[in-house]
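Participant: The structure follows.
Rule-based calculations on the coordinates, nothing more; no lab input. Keep in mind the model is a prediction, meaning the values are calculated, not measured. In this analysis, Cβ positions are derived from the backbone assuming ideal geometry, glycine residues included, and neighbour counts consider all displayed protein chains.
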Amino acid sequence: MNVPLLTGKIIKMHIECIFMPNTQLSLFEQIGGAPAVDAAVDIFYRKVLVDDRVSRFFEGVDMDRQRGKQKAFLTMAFGGPHNYSGKDMRTGHAHLLTMGLNDSHVDAIIELLGATLGELGVPGELITQVAAIAESARADVLGR
């Protein structure tokens, strides 16, 4: 993966957004489309798997499959093509509640996702939108 090249593509996409204000681009398009989501998910899970706050929730998980599901989900959640066929958030995370999943873990995931996007050159205002989308799933993820 060539992150500097990807970052250049993301920056180019943002410049196009600035100079084409009448164009209604989805968040998916604004962050750089599929290449950006793919890179972000890969980097995000590298961070997650070494973070003591949340790594235990991924023990025994097929991470290739998990990355694929997450890429499809984030693509859909950010307004890209709808190819996600996984479980809803409540059902997909229910088993983690028995492992103690709580608000602090959701906070850590949102933090790691934001840090990942920042590393890829995504502007703060778009990271804020991503965080809001993640925040909107908190109640379902935590079974509330």
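Participant: Quick check on the exposure proxy: order V50, V106, V41 from fewest to most C-beta atoms within 10 angstrom. Let's see the in-between values first.
Facilitator: Numbers: V50 9, V106 19, V41 22.
Arranged by neighbour count, lowest to highest, V50, V106, V41 become V50, V106, V41.
Participant: Counting only the backbone N, which residues of region 95-125 are under 20 Å from the spot 7 Å out from the Cα of R56 toward its beta-carbon?
Facilitator: Under 20 Å, as judged by backbone N against the label point of R56, lie 95-112 of region 95-125.
Participant: For K87, give me every one of the aspartates and glutamates with a C-alpha distance below 15 angstrom, ignoring sequence neighbours fewer than eight places off in its own chain.
Facilitator: Within reach: D140.
Participant: What's the exposure ranking of L25, L101, going from fewest to most Cβ atoms within 10 Å?
Facilitator: On the way: L25 15, L101 19.
Fewest to most other Cβ atoms nearby, the residues stand as L25, L101.
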